[in-house]
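**Q** Pasting in a structure now, in structure tokens, and then I'll have a few things to ask.
The values are calculated or read from the model by the stated rules, or taken from the named source; none is laboratory data. Remember, predicted model here, so these are calculated numbers, not experimental data. Methodologically, a virtual Cβ is constructed for each residue, glycine included, from the backbone with ideal geometry; neighbour enumeration extends over all protein chains shown.
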Amino acid sequence: MTVKKAGKKAIRVGIWGLGRAGWGMHCPELDRFKDEFEVVAGCDIDQSRVDELLARYPKAKGYTDGCKFLADKNIELVSVAVRSPQHADYAIRALEAGKMVFLEKPIAISPKGLKALEAAVAKYPGKLFFRQNRRFETCFNHVQELIHSGILGDVYEIKLCRHGFEFRDDWQTLMECGGGQLNNWGPHLIDHGLRLLDSPLKSVWGDLKTVAALGDAEDHLKIILKGENGRLVDIEISGGVALPSPVYAVYGNRGSLVSEDEQDIRLKYLDPNQKAPTHKANPATPPRGGFGGTVHPKWIRKTIMAEPSNGWSMVDIYHALYQTIREGKAFPVKPEEALDVLRVILEVKKQNPAYPVTADEFEKATLASTRSSRSTRR
């Protein structure tokens, strides 16, 4: 039995969509903070999923009708975890019903969805929160901290990779269902990339391919973000790479770091006491005996555990949400940051003709064709 801490008023949550995200991620994370959140309701078109929720949370109410779910006055916060094409629409429905909303990624998949969310942020200030949960990733936070420490010098390029190989065949491989790596993993690493630029975004380039997945949506993508400061972030996400690259690689003019597994970070950087050479290159004929410079680097090599000073891990996002709603602290994911992630996604879609609309037609795209999807879960 969990005893609520004195003085805490739990936020009453209704989960909309009880599939892989709602059931498999939101529920376990909420269970970590039972003194801060209470699951009071769940909604899914599959009655068996609703029954599972009620067995897990006997005091909760279950719904298969979204209108009746939103009419439940006991719900303060709706966690939207339905299928991707429905995210923006369902979030706005919940806001209109007077609820606060915690919206799964991708927050929308079309320009119309972007415009609707921009309007919702303005109309319902402090009510709409975006679940960029990998902003809390332990390794990401430590890598960011190391970059800002200056030990790598001027960082000019960063590579972010998520590689694997599988013949994936579920709905997230189908364009008509809002599938593809750009909508799935893309929001996470694009969010990381925009934060790691440490600069306003200057340009975006993207390429999409289908390699091993059995649907028509891309399972391999490459995105290059360039900041106004000249820094590049190279993002690669793939379900078609059998030998994975490091998850993180950071290159600076005084050193580099890599992390293959997000558990450890390997560093090689110049001794802080070593000054960069100030003399110019010599155009004369070099002496025999090799290539290279006349000043030899003094390296420091370390392997450290990923342990950022803020202590964050990916499952802490709900705790941060509680601190915002009940304690007035700023939520780490600003609405404009989440909307910027979506803008990058839409720009990459416009650059790739594999998407079923042309660049000119893209601005006219709507969610109408996707609302016919029967499922309301991920």
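**Q** Looking at Lys280, Lys275, Lys329, Lys268, which is the one that is out of contact with any helix residue (DSSP H, G or I) (no Cβ under 8 Å at 6 or more places or on another chain) and modelled with pLDDT of 95 or more?
**A** Numbers: Lys280 fails: modelled with pLDDT of 95 or more; Lys275 fails: modelled with pLDDT of 95 or more; Lys329 fails: out of contact with any helix residue (DSSP H, G or I) (no Cβ under 8 Å at 6 or more places or on another chain).
After ruling out the rest, the residue left standing is Lys268.
**Q** When you scan region 118-153, how many residues do you find that are part of a loop (DSSP other than H, G, I, E, B) and over 20 Å from Tyr322 (Cα atoms)? Spell out how you get there, then give the answer.
**A** So the first thing to find is which residues in region 118-153 are part of a loop (DSSP other than H, G, I, E, B), and the list is 124-127, 131-132, 137, 150-153.
Now drop any that are not over 20 Å from Tyr322 (Cα atoms), which leaves 150-153.
Total satisfying the criteria: 4.
**Q** If you take the residues of region 216-235 that are under 17 Å from Gly179 (Cα atoms) and touching a residue at least 24 places away in the same chain (Cβ under 8 Å), which of them is farthest from the chain's Cα centre (by Cα)?
**A** This residue is Asp216.
**Q** Given the structure, is Ser256 in a strand (DSSP E or B) and among the polar types (S, T, N, Q)?
**A** Criteria met by Ser256.
**Q** Right, something else. Only one of Glu76, Glu29, Glu36, Glu52 is within 22 Å of the chain's Cα centre (by Cα) and of a type in the set (Asp, Glu). Can you tell me which?
**A** Criteria check complete, one pass: Glu29.
**Q** Search region 154-179 for residues being crowded, with 23+ Cβ neighbours inside 10 Å and in a strand (DSSP E or B), and hand back the single one that is nearest to the chain's Cα centre (by Cα).
**A** Checking each candidate, the answer is Leu160.
**Q** Which residues, taken from region 180-204, are within 17 Å of the chain's Cα centre (by Cα) and of a type in the set (Val, Ile, Thr)?
**A** Ile190
**Q** Which of the residues spanning region 273-321 are assigned to a helix (DSSP H, G or I) and of a type in the set (D, E, K, R)?
**A** Within region 273-321, Asp316 is the sole residue that qualifies.
**Q** Looking only at residues that are of a type in the set (Val, Ile, Thr) and part of a helix (DSSP H, G or I) in region 322-340, which one is surrounded by the fewest Cβ atoms within 10 Å (Cβ to Cβ)?
**A** Start the filter on region 322-340 by keeping residues that are of a type in the set (Val, Ile, Thr), which leaves 324-325, 333.
Add one more test, that the residue is part of a helix (DSSP H, G or I), and what stays is 324-325.
Working: Thr324: 17, Ile325: 21.
That would be Thr324.
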